[in-house]
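Notes follow once the structure below has been shown.
The values are calculated or read from the model by the stated rules, or taken from the named source; none is laboratory data. Remember, it's a predicted structure, so these values are computed and weren't measured experimentally. With ideal geometry, Cβ positions are generated from the backbone for all residues, glycine too; neighbour counts draw on all protein chains shown.
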Amino acid sequence: MVVGRSGLGKSTFINTLFLAEINNLNEKEAAHVASPLPSTVRVEEKLVRLLENSVSLNLTLVDTPGFGDAVNNSKCYEPIVNYVEGKFFQQFCEETRIDRGDKPVDKCVHLCLYFIEPSGHGLKPIDIELMKHLHGRVNIVPVIAKADCLTRDELRRFKAQIVKDAEAAEIKLYKFPELEDSSLDKEKVEKLRKALPFAIIGSNMLKQKDGRSIRYREYPWGTVEVENMEHNDFLTLRDMIIRTNLIDMIDVTRNVHYENFRYRQMEGLPKNEKNRDPFTHLEDEKRQKEQDLAEKRETLERVFNEKTAARKQRNDERMSALEEFELQNRQKIDAKRAEIIRLRHEIGELRNGTLTSSQTSLATTYNENSSQNSTLNSTAKSSPPPPAAAGGTMKKRIGGLGLFNRN
C-alpha cells in the first residue's frame, strides 16, 4: 500500500518499482486537473504478477491517490484504516467459518509505504496523525518522495528529523529483523536501517543505457537516474520489498498485527460465544437490536395509550359533570315554569270565583290580607261615615277577598 498526500509521485513510484505502466498517469493527471480537490480518500486495488527466475509472485498494489487536500482533514485517515481493517476482517471470517476448505489466501496488507513531502522540516501534524492510526495495523516504512529536491546534507538532516519526530510521537515504524547468519547479512540490515527513511525518485521517462532500459529525470543541470545508488535509495527500497524482507513483513503482519485485530474481535464477542461464526454473531446482534427496538416501540405505544386514556377519562368526567349540572338547572327551570303556570291557573279561578280560599295555595296570603282588612274596618267604624254619593245611595261592599273587589 502506498499512502501520502497528492502530487508526491505514488503512482509513478509503482510504475517505476515494477518497470511497467501499471497506472495510466496521463489520464489520472488530466482527471485530477479537471476535477476539484478531492474531499475523501479513494482506495484502488491493482493485482500484479511478477515472474523472476521461474518464481511467481502475486502482489496486490493499493493506491490511495490524494488525501489531506480538503478543508476539513480530521477524518481523512478513515478510508485507509477501514480498508486495512476490512482485509483483516475478511481473513478472520475465512478462518472462523464452520465449513473451511484449504488454507485461506492471505489478503492482508503487509506493507505501507508512507510518502513524505520533501519539505525538509520533519513530519507534518497530518502525517503524524495518520501514522498513529496505521502503525498498529500495518508495517509502515517512511519514504521521502521527490528526493532530488534536496541536497545530500538536507536529506541527511531531514531523515534524522523524521526519525526523531516519529520517536517523539511514539510511532512504531517497521523494524528490520536481527540476523545471525553471517556478517554480510548483518551489514545489509545495518545498511537498510541507516537508509531509513528511504529517499526515492520516480520517473516515467525511459532511455537505453548499456543495452537495458533505465528510468531517469532530466534537468538543465544534469540527469538523475532512478536506479543509481548515488542519486537515491530506490534500489535499496526495492530489494527490501521484494527480496530481503518480504517474508519477514508477512510474518509480522500475521503474528502481530492480525493477531491484535483477532484479539480485539474476540474480545468484542460474548464470553460464552467465542467459538461462534462472526456472521452468526452479527445476525444474532441484528435480531437482538430488532427485538429491543420492538420492545421500545411497544413501551412507547403503551405509555401513549395510557396517557391518552387518562386524558379521555378526565374529559369524560368533566363532560358528565357539565351534563349533570345542565340537567339540574333544566329541572329547576321546569319546576319554576310549572309553578308559574299553576299559580296563573289558580289566579284565574279566583277571579272567576270558582275556587275557595282554602283550596288555593294563596290561602296564607288571603288570611294575612283578611287580618289587614279587619284592622282597616275597625278603623273605618270609628271614623265618621263618608258623605253620600251622588244620587243618595251607597254601593254595597261585595264579600270575598279584598284584593279582587271591584266597585
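What to note about this one:
- Among (1) part of a loop (DSSP other than H, G, I, E, B); (2) at pLDDT below 90, the one test that residue 95 misses: (1)
- In region 23-74, the qualifying residues are those that are among the aliphatic types (A, V, I, L, M), at pLDDT 75 or above and under 29 Å from the mean Cα position of the chain (by Cα), and the one that is surrounded by the fewest Cβ atoms within 10 Å (Cβ to Cβ) is 43.
- Residue 190 vs. criteria surrounded by fewer than 15 Cβ atoms within 10 Å (Cβ to Cβ) and either within 24 Å of residue 9 (Cβ to Cβ) or among the hydrophobic types (A, V, I, L, M, F, W, C) (or both): no
- Of everything in region 218-241 that is in a helix (DSSP H, G or I) and not basic (Lys, Arg), the residue that is nearest to the chain's Cα centre (by Cα) is 241.
- Residue selected from region 111-130 under the condition in a loop (DSSP other than H, G, I, E, B) and of a type in the set (D, E, K, R), by the criterion nearest to the chain's Cα centre (by Cα): 124
- Looking only at region 131-152, and only at residues there that are modelled with pLDDT under 90 and part of a helix (DSSP H, G or I), the one that is surrounded by the fewest Cβ atoms within 10 Å (Cβ to Cβ): 152
- Residue check, residue 198 surrounded by 15 or more Cβ atoms within 10 Å (Cβ to Cβ), modelled with pLDDT under 85 and in contact with a helix residue (DSSP H, G or I) (Cβ under 6 Å, 6 or more places away or on another chain): no
- Pairs linking a residue in region 106-125 that is among the aromatic types (Phe, Trp, Tyr) to a residue that is in a strand (DSSP E or B) and crowded, with 18+ Cβ neighbours inside 10 Å, with Cβ atoms under 6 Å and 6 or more positions apart or on different chains, are 114/3; 114/140; 114/142; 115/143.
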